[in-house]
Amino acid sequence: MYIFIAALLVNSILFTTNIYPKLLIDFLSEKQIISYQDCLVQYYMLYSLGGSEFLLLTAMAYDRYVSICKPLQYPTIMRKRTVSIFLTLAWLLPACQFVGLTIMSSNQKLCSFTLKVIFCNNSIYKLFCVASRVISLFGVITLITVVVLPVVFIIFTYTRILIICYHSCGEVRKKAAQTCLPHLLVLMNYLVLGTWDVITVRLDSDILKTAHLIMNLQFDLYNPLLNPIVYGLKLKEISKHLKRSR
């Protein structure tokens, strides 16, 4: 589990590195300007790393499922090779899918050059002269692959964990709560903020647009700060594991 926590925190660092430097420059500048090419790079990094976050949470859910529901088989199932495959897929799958969206977006003709957002996200589609059905279809497929299916799998695994814990002793329930609660808090944070982002981006109210900007900023602030704090609850176990590895 510790390798997945480390991967999740590294992913958060990369995510914020993509956002914060440009955001700080914009705060200190009178005019907030970014080239379309740089905007596409930021868009690509934002969503590919965001997709990796969901897939890493999915891998962690499976890891928790095996450790709680099949503890005797854990060493044979969660081998180093298996973990390496999970980590590789978590980073490569979204990267490959969103590079296709980015390339298609770079070939679109622009009729607008103003974005009312604090970083480049799917609002760049509003800049196109003509909406692309191919991009929309590919975007839906990518969304299902890196968000919807992982969330469904996570819900399934935790349902199974809850069923097992319900029929187990109090010690098993306590252990499950300690290992699964941080994971669920991080996932709920993503789902709530992400759902609000999808809802407000499609509404035209000035109040909701302002709320959308605030929630976008909070999305970038909360997750990188929340992940270390939440998983820091297991800091003693992580420290013990590091001492044993020396």
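Values quoted throughout were computed directly from the atomic coordinates according to the rules given, and no laboratory measurement underlies them. Bear in mind that the values here come from a model prediction, so they are computed numbers and not experimental data. Note that each Cβ is placed from the backbone with ideal geometry, even for glycine, and that neighbours are counted across all protein chains shown.
So the values come out like this:
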| item | result |
| --- | --- |
| Dipole moment magnitude, nearest 20 debye, the range 2-182 about Cα centre, only Lys, Arg, Asp, Glu C-beta charged | 460 debye |
| Principal axes of the range 2-182: Cα extent on each, largest first, Å | 62, 38, 29 |
| Highest average packing first - 45-55, 15-25, 123-133, Cβ atoms within 10 Å | 45-55, 15-25, 123-133 |
| The range 49-66 versus the range 107-135: alpha-carbon centroid distance in Å | 30 Å |
| For the range 32-89: rounded, prolate or oblate by the Cα gyration tensor [a/c cutoff 1.5] | prolate |
